[in-house]
Structures are given as C-alpha cells and as structure tokens.
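Undergrad: The structure's right below; bear with me while I get my questions together.
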Amino acid sequence: MERVLAAAAELLEEVGFERLSTNMICKRAGLTPPALYRYFPNKYAVLKELGELLMEAQNALLDDWDPGADNLAVQTEHFLRATLDVTRQFPAGGWIMRSLHATPVLSDVRLASHRRMAELMTDKALQHWPDLDPDTALASARVGVEMGYALIEMLFDEPSIDQDAALRMTAEMLAHNQRQLLRTLG
C-alpha cells in the first residue's frame, strides 16, 4: 500500500489530480490493476487515503496550540506557518489539498478534519474559559479553521503573494476574532 501511495503522490506532482489514473499508478508502483484494486477501487480511494494522511499530519500540530497564550497572534502565525510547512513537506501536499477541495467525492475528508480541528480548539478554549458559550466558541473555531486552510491553499496557488505578510495578517485576524469572542464573557 505504501508503494501505491508513494507512486500516486509522485504522479500528482507530475500530472495533477485530474489526469491521474489508476493505470498510471499501477505502472509507477509496478503493480497490475487487479493488485491495486484489492486495496483501492479507484483513484479517488487513493486520493482519500492520501488526504486522510495529510489531514492527520496537519491536525497533529494542534497538540501544541494554547488558546490562552500571551500573544495569540504570534502563536497563531507559528501554527499557520507550521501547517504550511507540513503541507509543503508532505509528498504532493498542495495537490492533495486541491483535490480534497475541488472533488465532491473527497470533500468529506476535508470537512471531517476541519470539524474535528474546530472541536479540539473549542475543547481547549473551554478549558481556559469554561463560561464561554460552547456553540459560539465552536462556530468561531470553525470559521478560524476555514480561514487558515483558505490561506494555505492561496499560498500554494499564488506563490507571488508575500507569504510572511499573509501569515501575519491572517493570524492577526484570527486573534482579533478570539478577542471578540472573549468579550462575550463580560
């Protein structure tokens, strides 16, 4: 299975997800189509597995996130930068993100991961501020997760954008959003 995933990632970098085919994967991995189909019924199943692995690697970064940090904007910028770095280091990370966003049969992978991240962020926030409204905190976290991933996708798609400025700007917006949320505590 590792050989299949490695071959698919290489091919994604070379041809993109639209042109990727199971025949191409088989040829690169040195497998026959029936051997591939024992593990993956189609290219979308391969992309789903790659997507789940990428999302898992990105989500693991949340372990170090502290919503009560003294300088939340700096911490958020660090978190966004680390997510960008993990995505760049992951074989075909940019293409995997694009495929999860653009392919309806794969969107559940992205949405489930984003929901899970928002839930974890909300749990951490509620540990610091137990009087926060859980639904409002979750909605705020969910918007923040989507903004962060939109930024990561934009930086892959628009390499001429000043990465440092975009990371800083987004981190400031997200930190402002959290400060607004905390004002609801009175």
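The values are calculated or read from the model by the stated rules, or taken from the named source; none is laboratory data. Everything quoted here is computed from the prediction, not taken from an experiment. Quick reminder, even Gly has a Cβ in these numbers, built from the backbone with ideal geometry, and neighbours come from all protein chains shown. Areas reflect the complete protein model, heavy atoms only, side chains present, ligands, DNA and RNA absent. Shrake-Rupley method; radii C 1.70, N 1.55, O 1.52, S 1.80 Å.
Undergrad: Output the number of residues of the stretch 124-134 satisfying the condition of being out of contact with any Ser or Thr (no Cβ under 9 Å at 6 or more places or on another chain) and either without any contact (Cβ under 8 Å) to a residue 24 or more places away in the chain or open to solvent by less than 60 Å² (accessible area, probe 1.4 Å) (or both).
TA: Count: 5.
Undergrad: Look through Ala175, Ala150, Ala171, Ala141 and report the one residue that is in a helix (DSSP H, G or I) and either within 22 Å of Pro91 (Cα to Cα) or open to solvent by 90 Å² or more (accessible area, probe 1.4 Å) (or both).
TA: After applying the criteria, what remains is Ala150.
Undergrad: Right, something else. Under 7 Å by Cβ, and 6 or more places apart or on different chains, what pairs join a residue from the stretch 48-60 that is touching a residue at least 40 places away in the same chain (Cβ under 8 Å) with one that is open to solvent by 50 Å² or more (accessible area, probe 1.4 Å)?
TA: Close Cβ pairs (under 7 Å, with a partner that is open to solvent by 50 Å² or more (accessible area, probe 1.4 Å)) amount to Asn59/Arg116.
Undergrad: Can you say whether Gly68 is modelled with pLDDT of 95 or more and out of contact with any Lys or Arg (no Cβ under 7 Å at 6 or more places or on another chain), as far as the supplied structure shows?
TA: So Gly68 does not fit the description; no.
Undergrad: What's the total number of residues in the stretch 113-123 that are open to solvent by 50 Å² or more (accessible area, probe 1.4 Å) and either in contact (Cβ under 8 Å) with a residue 40 or more places away in the chain or within 23 Å of Asp70 (Cβ to Cβ) (or both)?
TA: Result for the stretch 113-123: 3.
Undergrad: Go over the candidates Val46, Val74 one by one and state the one that is farther than 29 Å from Gly16 by Cβ and β-branched (Val, Ile, Thr).
TA: Result of the check over Val46, Val74: Val74.
Undergrad: Quick one: which helices (runs of 4 or more DSSP H) sit completely within the stretch 1-112 and have at least 3 residues that are open to solvent by less than 30 Å² (accessible area, probe 1.4 Å)?
TA: 2-19, 22-29, 43-59, 72-89, 93-102
Undergrad: Let me ask something additional. Just checking, how many residues over the stretch 155-172 are closer than 18 Å to Ala82 by Cβ and modelled with pLDDT of 95 or more?
TA: 11
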